[in-house]
Amino acid sequence: MLSHLWAIFLAPFQDFIFMRHALVACLALALGCGPIGVLLVLRSMSLVGDALSHAVLPGVALGFLVSGLSLYSMTLGGIAAGLAVALLSGAVSRLTLLREDASFAALYLASLALGVLLVSWRGSSLDLVHVLFGTILAVDDAGLVMVASITTATLLILAFIYRPLIVECVDPGFLRSVSGKGALMHLIFLVLVVLNLVAGFQALGTLMAVGMMMLPAVSARFWARQVWSTALAAMVIAMLSGYAGLLLSYHGNLPSGPSIILTAGLCYVFSVVCGAHGSIYSRYRAAQHLTG
Amino acid sequence: MSFSPTVLTLVLALCLAGGGTATTAEKKLNVVATFSILGDLTKNVGGNRVEVTTLVGPNGDVHVYEPTPAAAEAVRSADLVVVNGLALEGWMDRLIKNSGFKGPVVVASQGVKPREMAAGELEEGAKHGPLMTDPHAWQDVGNARLYVQNIAKGLEKVDPASASVYRANAEAYTAKLGELDQWVRKEFSGIPRQQRRMITTHDAFGYFGAAYGIAIISPVGFSTESEASAGDIANLIKQIRREKVTAVFMENVSDPRLMEQVAKESGVTLGGTLYSDALSKSDGPASTYLEMFKNNVTLIAGAMWKGI
Amino acid sequence: MASIVIHDLTLGYDGHPAVHHLSGTFESGSMTAVVGPNGSGKSTLLKGIVGILRPFTGRIDLGGLKISRIAYLPQQAEIDRSFPITVRDLVALGLWERIGMFAGMRDELWRKARQALAAVGLEGFEHRPISDLSVGQFQRVLFARLLLQDAPVILLDEPFSAMDNRTTADLLQVVNRWHAENRTIIAALHSHEQVRSYFPRTLLLAREPIGWGDTAEILNPENLQRAQQMSEAWDETAEACPLGEIC
């Protein structure tokens, strides 16, 4: 019996290097994307991740045009493009009447068009996009190092700017009156989002990166009531999804990225229905009340 | 202020002469070929009588090409269009219709005995996805001879004045193809049957394998369309290790990082780049059809020898 | 010295003045109510003092006081009520001057936070999420935060509108305590009753100052009549106001 369980749950990772690499990459991504995703959800920026995946395309394409399939040049290009779009939309919203989400929408679409132009100008087909962005099963040492360093940097920076970042979310007016650094905090946060997404894209594919950022974060809202505990819950859910998804891809012969994200999606459905707070079940449950 | 009348006359004369030369020389035939391999074959048959425009250039992916306005213009003003057929260019019918081209279309693979390929084949006969026609007929040199014949016929029909030129070119090139075919068979003859296995990321070598007796193992999900599954990769690694396959190759249009992972973990070195759906650039190792075949076979045979 | 001197201040939006040529002083330690009809510029004046709006002409002299030392309670706080933060954490932000962006909270500071909550009648609410609070309770939390800010100048913009009587009475006591501690208080208010009962000084504003002085003198029927005649709408046909002149 035990050997049976071992064969299902642990043997794949023991037998294959690429499975171990993929698992570690998942765990690293989960650590970084969990808190970032939670903050995105809390700041009502849930679609930013998806939009950014399109915004980075010209940067990655440029990196590819300059130095071929080099992980670092494409990542750098992607980060530059993502940051340009994020920062420009922030600037436009601060200097004009347009709100951030509108200017962001405009910019990422323009960026995507530019990216498609660059890719097709080269003469190769649009399938280059699939080559430009990776898959978790192909993550090599360089990709692992990149994801791990970005995660570490993210956690350190988040810990450092935690308080002003939270205040900027909850009561930006107050932050404005006691400190002029509100805009800076917002900027740093955007930088972290772009970094995590682009690292995720390069190492693991666009679906994976955005999915691991958003789905666990949204699910975590049903299990925790404070920011730090929600972030922790998101990390755990992301890691579980990665592990279970990889096993599903292995035993069920299903594509890896979608398996992991589907597992995360199932976690979401489960959380919506029977999460500890605010779920369907918890709201309808005839809870025993206290006397005071 | 006025130009000297002498100069004017001289210039005018030169223009007329130039124009005259143009009219006295033969106007080249505008031929549009869908992708680089067809373009190369057409150039060899047409020689300097044709101006060949290739839609999907070197290293391009003809399966998912998105036509540009320039492409539509090229097709519109073409005298002849050469397509592969066998459902390779799903986008071509619409392009021809939209461009308003009403001229003749040569289906190069006319007369080829088509193979079927499964969309999800791991090992020949093992698992099958939905079956579809394998369009990569040119990977069998014998079929290339048919292609050349079809192209020559098409050119002769459109430009009967130069029919003899086309026929001569076709014969010469077919002879070269014959030599190539013999050479390929010789290269593989020394390799025992069980070593004649190769793994590559694209199922473009079906005809190649059938023609020259090589088992092509195309791992599932490694094509440019679908995403890989961990189970299939694990099976592939297990198989390579078990069967001691040494010929492992990357395609020039799919994700190389994945193949590197597989190669590393199964203990083989990647054999270099094979060219299947497109030629390389002119400075690359596979800039013509003949070069492409020589490149591929040298690499494949070389890798197989490693395992003996 | 926490007095605020206003020099010929004109503030507004889109070129139209909401406050037109105001001059005067909020003396240090004074408790002044700013009253006037809707659109009279009360909120605008407070926003100008705390630096959110830049004046068209004139200036506000804070006497060297940093803006972070002015505690400001806006009319509609842009606070995200659904954010998962506890009452205690929100209140503790009042200690920003002490802890800034990075420093940790010590036991002593947590005690101060609890005391502030008790002072506004919210003892025991520390660990409640702010999403669970009623409107009155939430306003008390914001007052507790103001308490912790320990600021020499306190600006309140319509702090008691839509508040129940009990909350209003309790919070007015807090304001009184601030006054007793010699802090300068400026509050924009609607209820003349509250002003007469609690605020010794009044600035009656109807875009232009109608009167600025002791409450009993300023809030007379004649002044109130003049204030009512102020038009709420912008004058779309207004000409440019020549600089340096009263127009």
With an 8 Å cut-off on Cα pairs and a minimum separation of 6 or more residues, tell me the relative contact order of the stretch C:114-215 in percent.
22 percent
Choose one answer from A:S93, A:S70, A:S179: the residue with the largest mean-square fluctuation in a GNM of chain A with alpha-carbon springs under 10 Å.
A:S179
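Please pull out the direction-averaged projected area of the stretch A:2-291, using the convex hull of its alpha-carbon atoms, in nm² to one decimal place.
Working: hull surface 76.7 nm².
Projected area, direction-averaged: 19.2 nm².
Looking at chain C, what % of its DSSP beta bridges pair antiparallel, to the nearest 5? Write out the running numbers ahead of the final one.
On the way: 18 of 35 bridges.
If I count the DSSP bridges inside chain C, around 50 percent turn out antiparallel.
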Under 28 Å between alpha carbons, and skipping anything fewer than 8 positions from C:K42 in its own chain: which lysines qualify?
A:K181, C:K66
Given H placed 1.01 Å from N in the peptide plane, which residues other than close sequence neighbours of C:H16 have an amide H under 5 Å from its amide H?
none
With a sphere of radius 9 Å drawn around the Cβ of C:A92, what net charge do the other residues whose Cβ falls strictly inside it have (Lys, Arg +1; Asp, Glu -1)?
+2
Using Cα centres only, tell me the gap between the stretch B:254-286 and the stretch B:139-174 in whole Å.
32 Å
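Roughly how crowded by other chains is peptide C:82-92, in terms of the mean Cβ count from those chains within 10 Å of each of its Cβ atoms?
Averaged over the peptide's residues, the number is 4.
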For chain A, build the charge dipole from Cβ charges (+1 Lys, Arg; -1 Asp, Glu) around the Cα centre, then report which of A:Y284, A:H4, A:P255 sits farthest towards its positive end.
A:Y284
Evaluate the distance, in nm, between pseudo-label points positioned 7 Å from the Cα of A:S67 and of B:S282 along their respective Cα→Cβ axes.
2.9 nm
Which residues make up the longest stretch of chain C clear of GluC sites (Glu not before Pro) that lie in a DSSP loop with no more than 15 other Cβ atoms within 10 Å, not counting the sites?
C:124-180
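Just want to confirm a number: the relative contact order over the stretch A:161-252, from Cα pairs under 8 angstrom separated by 6+ residues, in percent.
15 percent
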Once both labels are modelled 7 Å past Cα along the beta-carbon direction, what's the A:Y281-A:Q14 spacing in nm?
3.3 nm
Picking from C:N38, C:T215, B:V105, whose Cα lies most toward the positive end of the charge dipole for the protein assembly as shown (charges on Cβ: Lys, Arg +1; Asp, Glu -1)?
B:V105
Just want to confirm a number: the relative contact order over chain C, from Cα pairs under 8 angstrom separated by 6+ residues, in percent.
27 percent
Amide hydrogen neighbours beyond the local backbone of C:T25, cut-off 5 Å, H modeled:
C:I6
Give me the percent of DSSP beta bridges within the protein assembly as shown that run antiparallel, rounded to the nearest 5.
40 percent
Charges at C-beta only: +1 for Lys and Arg, -1 for Asp and Glu. How large is the resulting dipole of the protein assembly as shown about its Cα centre, in Debye rounded to 20?
1460 debye
Considering chain A as a Gaussian network with a 10 Å cut-off on Cα pairs, which listed residue, A:A81, A:A183, A:A264, attains the greatest mean-square fluctuation?
A:A183
Chymotrypsin sites (Phe, Trp or Tyr not before Pro) within the stretch A:201-277: which are DSSP loop residues with at most 16 other Cβ atoms inside 10 Å?
none
The stretch A:222-263 and the stretch C:1-56: distance between their alpha carbon centers, rounded to Å:
55 Å
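Computed FRET efficiency, Cβ-Cβ of C:E27 and A:T152, R0 45 Å: what is it to the nearest 0.05? Present the calculation step by step, with values, prior to reporting the outcome.
Values: r = 55 Å, r/R0 = 1.22.
The computed FRET efficiency comes out at 0.25.
Return the average number of partner chain Cβ atoms within 10 angstrom of each residue Cβ along peptide A:226-232.
On the way: counts 6, 4, 1, 1, 1, 0, 0.
Across the residues of A:226-232, the mean count of other-chain Cβ atoms within 10 Å is 2.
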Starting from the exponent 0.38 and prefactor 2.2 Å, build the expected Rg for the protein assembly as shown from its residue count and divide its actual Cα Rg by it.
1.33
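Which whole number gives the average, over all residues in C:64-73, of C-beta atoms from other chains lying within 10 Å of the residue C-beta? All intermediate terms of the calculation are to be shown ahead of the outcome.
Values: counts 0, 0, 1, 4, 4, 1, 2, 2, 5, 2.
The mean count of partner-chain Cβ atoms within 10 Å per residue comes to 2.
Using a ≥ b ≥ c from the Cα gyration tensor of the stretch A:5-108 (square roots of the eigenvalues), is it rounded, prolate or oblate, where a/c under 1.5 gives rounded and otherwise the larger of a/b and b/c decides, a/b for prolate?
Details: a/c = 4.04, a/b = 1.69, b/c = 2.39.
Oblate, because a/c is 1.5 or more while a/b does not exceed b/c.
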Can you tell me the convex hull volume per residue for the stretch C:59-211, based on C-alpha atoms, in Å³ to the nearest whole number?
140 Å³
In the structure shown, of B:K186/B:K281; B:K28/B:K157; B:K113/B:K153; B:K43/B:K186; B:K153/B:K294; B:K113/B:K244, the pairs separated by more than 25 angstrom at the C-alpha atoms are B:K186/B:K281; B:K43/B:K186; B:K153/B:K294; B:K113/B:K244
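Mind checking the dipole of chain A: about its Cα centre, +1 per Lys or Arg Cβ, -1 per Asp or Glu Cβ, Debye to the nearest 20? Let's see the in-between values first.
On the way: 12 positive and 9 negative charges, 152 e Å.
Magnitude of the dipole: close to 720 debye.
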Please give, to one decimal in nm, the separation of the simple spin-label points placed at B:E73 and A:A113, each 7 Å out from Cα toward the Cβ.
2.1 nm
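If you take the beta carbon distance between B:T133 and C:S161 as r and set R0 to 60 Å, what does 1/(1 + (r/R0)^6) give as a FRET efficiency, to the nearest 0.05? Present the calculation step by step, with values, prior to reporting the outcome.
On the way: r = 76 Å, r/R0 = 1.27.
It comes out at approximately 0.20.
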Interchain or sequence-distant (5+) residues whose placed amide H lies within less than 5 Å of the amide H of B:I217 are B:M198, B:I199, B:T200
The base-10 log of I(q)/I(0) that the Debye equation returns for the stretch C:92-137 at q = 0.19, 0.23, 0.31 Å⁻¹, one scatterer per C-alpha, is -0.68, -0.90, -1.15
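Summing Lys, Arg as +1 and Asp, Glu as -1, what charge do residues with Cβ under 11 Å from the Cβ of B:T288 carry, B:T288 excluded? Write down the numbers at each step before the final one.
Working: positive: B:K43, B:K176, B:K294; negative: B:D40, B:E291.
Value of the local net charge: +1.
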So if we plug the beta-carbon distance of C:E217 and A:L95 into 1/(1 + (r/R0)^6) with R0 = 56 Å, what FRET efficiency do we get, rounded to 0.05?
0.75
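Starting with the fewest neighbours, write out C:K47, B:K102 ranked by other beta-carbon atoms found within 10 Å of each beta-carbon. Please report the intermediate quantities before stating the final value.
Working: C:K47 21, B:K102 7.
With the fewest neighbours first, C:K47, B:K102 line up as B:K102, C:K47.
Full-extension gain between B:E116 and B:K176, please, as 0.36 nm times their residue separation minus the C-alpha to C-alpha distance.
On the way: separation 60, 0.36 × 60 = 21.60 nm, distance 2.82 nm.
Separation in residues times 0.36 nm, less the Cα-Cα distance, equals 18.8 nm.
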Restricting the stretch C:52-121 to chymotrypsin sites (Phe, Trp or Tyr not before Pro) in coil, as DSSP defines it, with at most 14 other Cβ within 10 Å
C:F102
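All of the numbers you see were taken from the coordinates with simple rules; none came from a lab. All figures in this text were calculated on a predicted structure; none of them were measured in a lab. Ideal geometry is used to build each Cβ from the backbone, glycine not excepted, and the neighbour counts take in all protein chains shown.
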